[in-house]
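My questions all concern the structure below.
No value in this document is a laboratory result; all are computed from the given coordinates. Since we're looking at a predicted model, the values are computed, not measured. Heads up, the Cβs are rebuilt from the backbone with ideal geometry, glycines too, and the neighbour counts pull from every protein chain shown.
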């Protein structure tokens, strides 16, 4: 370590420097100024230590200083920490790209902010909201990093719980819809069918205007029940997969709204049922929005299998909207939640007069896993 | 299918008579159980011609099924989350509409709709005009298509 700076550890020398100033600096006005500045520095450091988890490392990441709060939360003593690097609290939660980005930011002299999960000595995990400030030398090269952290474990846990509740809720809803749909189709639908057969056989024995009318009404009821079952959740989605399900949905949509939809798809294999449901519901939501608000006569849906991700795009060149004024935006919210539930991402690009593009990306990890599950 | 045996003129005339923005005629096909918009007056685009309403919802479930006139207000449909069941309102950006059944032989064969792009309450005499027009259109809907099927 060739370059050593006088204040390796934050304000370490303030206390010893202060009494020496009397002798060293004859100019009393300047001296007072200096004294006050130094005192202030020490006070700020005290306040920081009281409020936050603080660590200082050299430019290689070796820990030079930790405050009591750091020791307390990590469960390590100061002696165990100093001289180590931050890998000691690494929870292997964050991937290499994450760490690379962090180091690229701070080593170029910029401040990094983010949330990190760390591992304490006893094996428990804690989340810290982290700000890393590089201290740079005259040439702009960082010689030291100051990391200020606040614990946000509870926040993160609540966040995760909320997310999992949300996912569960959507799964339960989907499961219920599937059940109702099946019951309608196979239960009431079948009963109506046999009723129709009975009426038909009675009709074959002798014409009767009233009976004929009854037959027609039963036929109509059958169509209604089938339609209801389809709307709840199309059985095609479970039986044949997303592509035939979407084709039928788009067909119905075109006829209902009088909007032409071009459907383009190059999916080779079936994604997981969860991913299929997500795609179906997102397309449904996005198209319904287009039908209701976009004031267009055309729209397009594209499904692409791009190696390890599936990309779904729903486009229209219509009125567009402003996110801020998109009303309660229940639809937008549920699309985002659905995407998150399968670790996908959704991007909604729209502005007034510019049309709307909904872009959903689902990682194919889901895909392969699902295929394996299906084979097992 | 051509059906312009004075029906278009009837729609245009009706629009002037009650002073509404939009008038349209839909035919209910009992066989395929679909309500299709055939003619319009004052339309802002051609979308109406592509709309085929199925019987589970909207006008098919109300005007067609019950055979009674119905008043539609955008605000109410939005509040009850049923606006998607009325694609003709969406296609033309209507805020208010009044729909009456076209009856032939006590069966519903179509729907006549008058609509406005602003909020409007249709008065009794306006609603009556629509019923009379629907009656006049009924004969056109039932007589003509059978004739036109023969080459």
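With a point put 7 Å past each Cα toward its Cβ, work out how far residue A:203 is from residue A:24 in nm, to one decimal.
10.7
Further question: Sort out for me the Cα centre separation of the range A:223-261 from the range A:35-101, rounded to whole Å.
Cα centroid to Cα centroid, the span is 57 Å.
How high is the relative contact order of chain A, in percent, with contacts defined as C-alpha pairs under 8 Å that are six or more residues apart?
9
Here's something else I'd like to know. Expressed as a whole percent, how much of the Cα-Cα distance distribution for the protein assembly as shown exceeds 40 Å?
The share of Cα pairs beyond 40 Å in the protein assembly as shown comes to 49 percent.
Which angle from 0 to 90°, rounded to the nearest 10, does the C-alpha axis of helix A:28-51 make with the longest principal axis of chain A?
Helix A:28-51 and the main axis of chain A meet at about 40 degrees.
Follow-up. Could you identify which residue out of A:341, A:97, A:275 has the top mean-square fluctuation in a GNM of chain A using Cα springs shorter than 10 Å?
Result: A:97 has the largest fluctuation of those listed.
Only counting other Cβ atoms within 10 Å, I'd like B:25, B:141, A:102, A:203 sorted with the fewest neighbours first.
Arranged by neighbour count, lowest to highest, B:25, B:141, A:102, A:203 become A:203, A:102, B:141, B:25.
What do you get for the angle between helix A:189-205 and the principal long axis of chain A? Use alpha-carbon atoms, 0 to 90 degrees, nearest ten.
On a 0 to 90 degree scale, this one is about 10.
For chain B, modelled as a Gaussian network with Cα springs under 10 Å, which listed residue fluctuates most, B:71, B:57, B:80?
In the Gaussian network model the winner is B:80.
Among A:112, A:103, rank each residue by its count of other Cβ atoms within 10 Å, from fewest to most, as a rough exposure measure.
In order of increasing Cβ crowding within 10 Å: A:103, A:112.
Next up: Taking the simple approach of a point 7 Å from Cα along Cα-to-Cβ for both residue B:5 and residue A:120, what is their distance in nm?
According to this spin-label approximation, the distance is 8.7 nm.
So what is the relative contact order for the range A:153-233, in percent, with contacts set as C-alpha pairs under 8 Å and at least six apart?
Reported relative contact order: 45 percent.
What number does the range A:237-376 give for Rg over Rh if you use C-alpha atoms and the Kirkwood radius?
That ratio is 0.97, to two decimals.
Modelled label-to-label distance, residue A:40 and residue A:311, 7 Å Cα→beta-carbon offset: nm?
Going by the 7 Å Cα→Cβ label model, 5.3 nm.
Would you mind pulling out the separation of the Cα centroids of the range B:78-94 and the range A:111-139, in Å?
Between the Cα centres of the range B:78-94 and the range A:111-139 lies a distance of 52 Å.
Hey, fewest Cβ within 10 Å first, where do B:125, A:354 land in order?
Starting with the residue having the fewest Cβ neighbours, the order is B:125, A:354.
What do you get for the angle between helix B:124-148 and the principal long axis of chain B? Use alpha-carbon atoms, 0 to 90 degrees, nearest ten.
30
For chain B, modelled as a GNM with alpha-carbon contacts under 10 angstrom, which of B:91, B:124, B:49 fluctuates the most?
Highest fluctuation of the listed residues: B:124.
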